[in-house]
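Peer 1: I have a structure I would like to understand better, so I am pasting it below and will then ask my questions one at a time.
The values are calculated or read from the model by the stated rules, or taken from the named source; none is laboratory data. None of these values were measured; they are calculated from a predicted model. Quick reminder, even Gly has a Cβ in these numbers, built from the backbone with ideal geometry, and neighbours come from all protein chains shown.
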Amino acid sequence: MLKRELKINLKSFIIWLGISIFLFLIVFLIYPSIIDSEQIGQINEFIKMFPEEVLKAFNMDISTLDSAYGWLKSEGFVFILLISGCYASILGSNILLKEENDKTIEYLIMLPMTRKKIVIQKVLVGVFYITMFVLGIGIFNWIGLSLSGNFDEIQYFYLSITPLLSSLVIFFICLFLSTFTHKTRKMIGISLGIVLLSYVLQMFSTLAEPTEFLKYFSVFTLADIRNVITNHTINLWMVGITILLSVFFFVMTLIRYQKKDLI
C-alpha cells in the first residue's frame, strides 16, 4: 500500500513543486535587472514610508531588498510558508478522505489491513512528500542564490527548514479534521481556510502590542523566521511544540478513524 500511496500522490507533488520552482525562477531571472538599476534605491526609499509594524510583518525592518537573498528573507519566505502550508493542508485533508470519495475504502477494509495501519501508511507518505516539497524549494533557491551572489549559507540552511515546522502541524490538524466528514471538497475549503486564518492572525499579531497574543493562535508562529534571521538558529522550543502537536493530532486521528463509519 505504501508504494501505491507514493504513486497516487506523486503527480500532485510534482505539480505543486514545479509551479513553486517556476515562480522563484522568475524572481532570480528578473532580480539582477532591478538591482543593477537605480530603481532599488527608489524602492528602499518607498519602503521607509511604511509604518514599522507593516515592515515587521514582512521582516523588512531586519532585511533589505537590495538582493535576491534579501527578498527571500522578507517576502520570499512569507510566500514559501503560505504555499507549503496550502500544500500540506490539501494533502492532509485529502489523503484519507479520497479513499471514501473514490469508494476504494471498501476494497481496503476487505484486505488484511487494520485501520491503524492505513492511517500510519498515509501519514508516512504525507510527511515524506511535505518534507520533499520543502527541501525541493530549499535546494532550488540555494542554487539560485549561489548563482546570484553571496549569501549567508548557515542562516539560509536554517531558514529553509522553518517551513517544515508549520507545514507538518497543518498537515496533522487537517488530517484529524478530515475524520469528521466524508466530503473532500468541503474539507479542502476548511483546510485552506485554516491556512489563511493562521496567516491573518500572524500578520495582525505584529501590528500592535494589544494584538500580539494572536500569534499563539497561528500555526505560522512555529516557523519563527525572525528568530532565524536575527540569531542564526532555530528556536528549539518551536521544534518541541511542533513534535508535540503533530503527535497529539496523529494519535487523535487514530482514535477518531477507528470509530468512523467509512461505508
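Peer 1: So Glu38 ticks every box in (1) over 25 Å from Pro163 (Cα atoms); (2) at pLDDT 80 or above but one. Which box is left unticked?
Peer 2: (2)
Peer 1: Okay, next question. Looking at Gly136, Gly149, Gly126, Gly144 in this structure, which one is touching a residue at least 12 places away in the same chain (Cβ under 8 Å) and at positive phi?
Peer 2: Sole residue among the options that is touching a residue at least 12 places away in the same chain (Cβ under 8 Å) and at positive phi: Gly149.
Peer 1: Working carefully through the options Val119, Val123, Val54, find the one that is modelled with pLDDT of 70 or more, aliphatic (A, V, I, L, M) and closer than 30 Å to Leu201 by Cα.
Peer 2: It is Val123.
Peer 1: Could you grab the pairs with beta carbons closer than 6 Å, sequence gap of 6+ or different chains, first residue in segment 14-27 and crowded, with 18+ Cβ neighbours inside 10 Å, second one not polar (S, T, N, Q)?
Peer 2: Trp16/Tyr87; Leu17/Phe133; Leu17/Gly136; Ser20/Ile83; Ser20/Ile137
Peer 1: Look through segment 135-166, keep the residues that are hydroxyl-bearing (Ser, Thr, Tyr) and either at pLDDT 90 or above or loosely packed, with under 14 Cβ neighbours inside 10 Å (or both), and return whichever of them is farthest from Val123 (Cα to Cα).
Peer 2: Ser146
Peer 1: Another question, if that's okay. Scan (1) over 14 Å from Lys116 (Cα atoms); (2) in contact (Cβ under 8 Å) with a residue 12 or more places away in the chain; (3) surrounded by 14 or more Cβ atoms within 10 Å (Cβ to Cβ) for the single condition Phe250 breaks and write down its number.
Peer 2: With respect to (1) over 14 Å from Lys116 (Cα atoms); (2) in contact (Cβ under 8 Å) with a residue 12 or more places away in the chain; (3) surrounded by 14 or more Cβ atoms within 10 Å (Cβ to Cβ), Phe250 is out only on (1).
Peer 1: Hey, another quick one. Would you check which residues across segment 216-237 are surrounded by fewer than 18 Cβ atoms within 10 Å (Cβ to Cβ) and in a helix (DSSP H, G or I) and list them?
Peer 2: Within segment 216-237, Tyr216, Phe217, Arg226, Asn227, Thr230, Asn231, Leu236, Trp237 meet the criteria.
Peer 1: From (1) under 15 Å from Phe248 (Cα atoms); (2) surrounded by fewer than 20 Cβ atoms within 10 Å (Cβ to Cβ), pick out the condition that doesn't hold for Val169.
Peer 2: With (1) under 15 Å from Phe248 (Cα atoms); (2) surrounded by fewer than 20 Cβ atoms within 10 Å (Cβ to Cβ) applied to Val169, the lone miss is (2).
Peer 1: Could you figure out which of (1) assigned to a helix (DSSP H, G or I); (2) surrounded by fewer than 18 Cβ atoms within 10 Å (Cβ to Cβ) isn't true of Met187?
Peer 2: Failing condition for Met187: (2).
Peer 1: OK, next. So which residues in segment 62-80 are in contact with a Leu (Cβ under 7 Å, 6 or more places away or on another chain) and either free of Cβ contacts under 8 Å to residues at least 40 places away in the same chain or at positive phi (or both)?
Peer 2: Answer for segment 62-80, where residues must be in contact with a Leu (Cβ under 7 Å, 6 or more places away or on another chain) and either free of Cβ contacts under 8 Å to residues at least 40 places away in the same chain or at positive phi (or both): just Ser74.
Peer 1: Mind checking which pairs have a first residue in segment 208-220 that is closer than 20 Å to Thr242 by Cα and a second that is at pLDDT below 85 and not aromatic (Phe, Trp, Tyr), Cβ under 6 Å, 6 or more apart or different chains?
Peer 2: So the pair list comes out as Leu214/Ser205; Lys215/Ser205.
Peer 1: Mind checking whether some residue in segment 192-201 is out of contact with any Ser or Thr (no Cβ under 9 Å at 6 or more places or on another chain) and crowded, with 20+ Cβ neighbours inside 10 Å?
Peer 2: The answer is no; no qualifying residue exists.
Peer 1: Counting only residues that are in contact with a helix residue (DSSP H, G or I) (Cβ under 6 Å, 6 or more places away or on another chain) and among the small types (Gly, Ala, Ser), which one in segment 133-182 is farthest from Ile15 (Cα to Cα)?
Peer 2: Only one residue fits best here, namely Ser148.
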